[in-house]
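Some notes on the structure that comes next.
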Amino acid sequence: MSWVAEHWVLVGLFAVYTTFLLRNAATGGAQARDASGYFVGGRKLGGVAVGISFFATFASTNSYVGHAGKSYAWGLPWLTLAVLIVLFTWLSWRAVAPRMRALAADFDALTLPDLLALRFPHANGGNLLRVLAGVVVVFCSVLYLVAIFKGAGNVFELFLDVPYETAVGITLLIVVAYTAIGGFVSVVRTDVVQGVMMVVGSIAMFYFVTRAAGGVTRLPELAESPETASLFQFGAAVPFAVLLGMSLSGAMKLLVDPRQLSRFFALRDAHQVNVGVWVAVVGIALIQFCLFPIGVYAHFLLQGVTDTDRVVPMLITDPAVFPPVVADFLILAIIAAAMSSMDSVLLVAASVLYRDLAAVVRPSLPAVRFTRMAVVGFAVLSALLALDPPGGIVEITLFSGSLYAACFFPAVLLGLHWRRGSAAAVIVSMLVGVTVLLGWQATPWQATLHEVFPALVASVVAYVVVALFSPSDASAETA
């Protein structure tokens, strides 16, 4: 009871938040009568809602705990990732969204593998492409879900003194409830509230940390100290080529990750793209540039931290940095960040499992019912794997981003904007990209050059060569 009395604000906010999620599930469920309604909201959503959902889906506990704390060790060069995230958000909405929205509507495509298969409809190649792309999406989704479950479990454990296993179970029950029932509409409506909370939370974190550190103008003191001068030098903590590769693998997901691209499928018309781009860019910029410097300022407040994932939890639980009421709100904002990513990944994985794998074998399967069961199945599987995860949060999410980039970058970017192309070109580029990505880690150059660079080059070259020397089977151009 003493804990409840101390954190009554958090208890009240969490109760209201959970009630809102369940109400959204009921509202979304009423609009999810068929596959289009459940998967992409019937393509009726506006740019403001989708723009907020776009940045809320991308920012997760990885941003609030992992990325914010990482600058404690790597310093200001770590902001390279923040810059690329904002840049690639703008590129995604300008270079991908307009064509993808139009093609998805014209082909009635509901998933990324679905769109690729319809874009390159060569008889056997189209089906093989659909299945291979579906397998990649499902595998990467499970990896990402494991990382987010781990992040959410750590948040509950560290902030609320809940056992890790119980924390994972609580997260599982809440996310499954509103995602499985409400589908895409429920996810986006929830993302809007979560996105606002995340922006307010990131601004509050920056304000209170910099205030406790003595003000934003104190950074030169760190630059002048021999112990912390390396925080301002590129290549001091990690080779710049590796840092740039990690940043690219993290930011490039904004161009090729199905959980991000699925937002474009739901836009009701071309005008909404012009609205959504600025909502997404401003929102993601506020979050990233408030969070990424926190680890640097933490040097004025914390000493000798070796695990950078503990920087933010240590700050939030310090009453000298955050007043209790603010700390309670920030805990809920971080939980919301985890759930806003988790629900989207769950829905994408389940949709692809039905549309691009199960329905290929048995087209008569009931779309909405099967996908709802798949949401539950993926959530349970990922939660169980998160009890003994295969790696750290940042490492798992960056690897999934690298895999998506190696597999889908040429297919998405060149497939949307180049008249030539074929199912064979996409399949070969995927296989070559994955082979180089995994093989590079066994070479002596992996310590100085991140694997995403050679994997991307090999994937793009493979796509272009096969596209040039094989008959194009790309479907007709759309308006």
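A few notes on this one:
- Multiplying the residue separation of Phe232 and Arg310 by 0.36 nm and subtracting their alpha-carbon distance yields 25.9 nm.
- Rounded to the nearest 500, the 222 nm mean residue ellipticity of the chain from helices alone is -23000 deg cm²/dmol, with -39,500 (n - 2.57) taken per DSSP H run of at least 4 residues.
- Student exercise, region 191-320 dipole from Lys, Arg, Asp, Glu Cβ charges, in Debye to nearest 20: 360 debye
- Panel order for Asp257, Asp269, Asp328, by other beta carbons found within 10 Å of each beta carbon, from fewest to most: Asp269, Asp328, Asp257.
- Expressed as a fraction of 2.2 N^0.38 Å, the C-alpha radius of gyration for the chain is 0.95.
- Among Leu10, Ile335, Leu261 - extreme Cα towards positive end, dipole of region 2-394, charges at beta-carbon: Leu261
- Taking other Cβ atoms within 10 Å as a rough exposure proxy, Trp93, Trp8, Trp440 sort from fewest to most as Trp8, Trp440, Trp93.
- Of the residues Val380, Met205, Val279, the one whose Cα sits farthest towards the positive end of the charge dipole of region 2-394 is Val279 (charges of +1 on Lys and Arg Cβ, -1 on Asp and Glu Cβ, taken about the Cα centre).
- Residues Glu157, Glu227, Glu221 arranged by fewest to most Cβ contacts within 10 Å: Glu227, Glu221, Glu157
- Dipole moment magnitude, nearest 20 debye, the chain about Cα centre, only Lys, Arg, Asp, Glu C-beta charged: 1420 debye
- Residues of type lysines that Lys44 reaches as a straight line, Cα spacing below 26 Å, ignoring anything fewer than 8 places off in the same chain: Lys253
- Helices assigned as whole DSSP H runs in the chain whose Cα atoms extend at least 27 Å along their own long axis and whose mean Kyte-Doolittle hydropathy is -0.5 or higher are found at 8-31, 123-160, 164-213, 271-291, 324-352, 367-386.
- Radius 13 Å from Cβ of Asp473, net charge of other residues (Lys, Arg +1; Asp, Glu -1): +3
We did not get these values from a lab; they are worked out from the coordinates using the rules stated. Only a predicted model underlies this, so the values are computations on that prediction, with no experimental measurement involved. Ideal geometry is used to build each Cβ from the backbone, glycine not excepted, and the neighbour counts take in all protein chains shown.
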